[in-house]
Amino acid sequence: MKKILFLIVLSLVAIPLNAQKTLSKLLEQENKATVPYISVNALQHITKNVTLLDAREAKEYNVSHLKNAIHVGYDFFNLDAIQNQLPKKNAQIVVYCSLGIRSEDIAEHLKKAGYTNVFNLYGGIFEWKNNNLDLVNTNDKKTDSVHVFSKAWSKWLEKGTKIYD
């Protein structure tokens, strides 16, 4: 009986640790680590002093986004438009997407353009929502809905309502 109880407790502890390791492995595999990550915990304490850039497509952003985030997209990212909006090269910028993969690419463009204080949100909007933090829709109303990009990526969103299209 003790052995069974031990295995149950071990599995309850190992599942969350394994999920975290898997996300870390995914980001390690997909990203080049050229942009430093910022954690959800760290970002939630500095949102008033940071510019948030959403590197997801418009249909994803329209479902939900972090409050005050500027949509910059990915497929049609326009560096010139961003430079007009953010003339200060030392501005604190956090770029996010669903998990932190597309956002690294956009953050790299910003760094190459001379921005010096750019971060990538670790785990993206999924991790934000998984930590029970607020999202807003295009009407600036709180929402639990999150566009999950694809069925394959949807496994990373543990909380909220999954929207596919």
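Using DSSP to define loop residues, name the chymotrypsin sites (Phe, Trp or Tyr not before Pro) in region 104-165 whose beta-carbon has at most 13 other beta-carbon atoms within 10 Å. Please report the intermediate quantities before stating the final value.
Working: sites: 115, 119, 122, 126, 128, 149, 153, 156, 164; in loops: 115, 122, 149, 164.
When the chymotrypsin sites (Phe, Trp or Tyr not before Pro) of region 104-165 are filtered for loop state and at most 13 Cβ neighbours within 10 Å, 164 remain.
Residue 89 exposes around 70 Å² of accessible area when a 1.4 Å probe is run over every protein chain in place.
Accessible area per residue of the chain at 1.4 Å probe, in Å²? Could you put the intermediate results ahead of the total?
Numbers: 9620 Å² over 165 residues.
The answer is 58 Å² per residue.
Would you mind checking the tilt of helix 102-112 against the longest principal axis of the Cα atoms of the chain, expressed as 0 to 90 degrees and rounded to 10? Its long axis makes an angle of about 40 degrees.
Exposure check, 1.4 Å probe, all protein chains in place: residue 127 carries approximately 40 Å² of accessible surface. Measuring only protein heavy atoms, the 1.4 Å probe finds residue 116 accessible over about 110 Å². Legend: residues 102, 56, sorted from most to least accessible area (1.4 Å probe; ligands, DNA and RNA excluded), read 102, 56. Between residue 131 and residue 112, the contour length at 0.36 nm per residue exceeds the alpha carbon distance by 3.7 nm.
For region 21-114, chymotrypsin sites (Phe, Trp or Tyr not before Pro) meeting the loop criterion (DSSP other than H, G, I, E, B) and having at most 13 other Cβ atoms within 10 Å: 76.
Ignoring ligands, DNA and RNA, what percent of the accessible area of the chain is carbon or sulfur (1.4 Å)? Here it works out to 55 percent.
What does the extension gain come out to for residue 162 and residue 68, with contour length at 0.36 nm per residue minus their alpha carbon separation?
Numbers: separation 94, 0.36 × 94 = 33.84 nm, distance 2.16 nm.
Using 0.36 nm per residue and subtracting the Cα-Cα distance, I get 31.7 nm.
Please build a GNM for the chain, connecting alpha carbons under 10 Å apart, and tell me which residue among 124, 114, 100 fluctuates the most. So, out of 124, 114, 100, the one fluctuating most is 114.
The values are calculated or read from the model by the stated rules, or taken from the named source; none is laboratory data. Computed from a predicted structure; not experimentally measured. Backbone-built Cβ (ideal geometry, glycine too); neighbour counts: all protein chains shown. Heads up: the accessible areas ignore ligands, DNA and RNA and are worked out on the full protein's heavy atoms, side chains in. Shrake-Rupley method; radii C 1.70, N 1.55, O 1.52, S 1.80 Å.
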